[in-house]
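Let me begin by presenting the structure, written as structure tokens, before commenting on it.
Here, each number is a calculation from the coordinates, and none is a lab measurement. Note that the structure is a prediction, hence the values are computed from the model and not measured. Reconstructed Cβ throughout: ideal geometry from the backbone, glycine too, with neighbour counts over all protein chains shown.
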């Protein structure tokens, strides 16, 4: 059976096109990106799986394959189970409140500054500016601000009449709150700008029509704004969820996982196993478990929430 060919006329000449040649050229054009993805993503994952079946110590150049020994350790050792469950609990608590702060406060600020004027633009820039500062730098600044003896926060509270200095980073509950204040201050400006761009894309016809029908501003927000912002909310929820689950720098700079592992999130627990305990093998097992859990939760969340997302805007 003859292959179908297609011809076009150029300057009075008939030129035959052969689609099979173009398919290979498309493949070779995408090949550099595919190779880069394999080298930077898939190869490290494969190497991590390989290390999880060894007894590799950070101080040793050699290792042996031990099968499922590390996985058995993770789920049967009382110490490992205790620290693993603690890190999962801390990570989930932090993620929940960080999402609430970023999305909730970001939406409120987007409504407050939804004006295309220079003063409002300057205020939006001030709120968004922390996004440009490295998290490690922000951590050092807030570490000084939350200092028990000479921190700015306790000094301001002292002027307000609170004489007892609060140990912000030494108390377990307050330490996690302090980290949430830092990450909320750092990330709320980004959520505000994303929500603001989505608000500007909503047609005013919806609000004018609802006003003629007697809808209140609260009803307009409930039945018009929120549904039309659902794609933006889904995007921010997924990205904030992933970044919150992977939090590390703020914890490392401000508390180091303390006090008594009460701010030890999953990524910091993996770091501690690898570089404090010198157990690369055990750290790889926890990292793989964390990767699988994150993948499942993210996919499930997208599958469930996509049913309630409206793309009419």
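Here are some notes:
- Per-residue ellipticity at 222 nm from helix content only, as computed over the chain with -39500 (n - 2.57) for each DSSP H run of at least four residues, stands at -19000 deg cm²/dmol.
- Among 159, 73, 168, the ranking by other beta carbons within 10 Å of each residue's beta carbon, starting with the fewest, stands as 159, 73, 168.
- Legend: calculated FRET efficiency, residue 218 to residue 294, from the Cβ-Cβ distance at R0 = 35 Å, rounded to 0.05, equals 0.45.
- Of 164, 86, 11, the one that fluctuates the most in a GNM where the chain has Cα springs shorter than 10 Å: 11
- Residues 282, 272, arranged from fewest to most other Cβ atoms within 10 angstrom of their Cβ, appear as 272, 282.
- With the simple spin-label model, which puts each label point 7 Å out from Cα in the Cβ direction, the residue 120 to residue 202 separation comes to 1.4 nm.
- Debye-sum result for region 69-308 in log10 I(q)/I(0), which assumes one identical scatterer on each alpha carbon, at q = 0.10 Å⁻¹: -0.61
- Once the Cβ-Cβ distance of residue 167 and residue 141 is raised to the sixth power relative to R0 = 22 Å, the FRET efficiency obtained is 0.70.
- Region 142-261: C-alpha gyration tensor shape, a/c 1.5 cut-off, then a/b vs b/c: prolate
- Entry note, region 53-195: relative contact order of 27 percent, from Cα contacts under 8 Å with a spacing of 6+ residues.
- Counting every other Cβ atom within 10 Å of each residue's Cβ, 200, 84 order from fewest to most as 200, 84.
- With R₀ set to 25 Å, the beta-carbon distance separating residue 68 from residue 43 gives a calculated FRET efficiency near 0.65.
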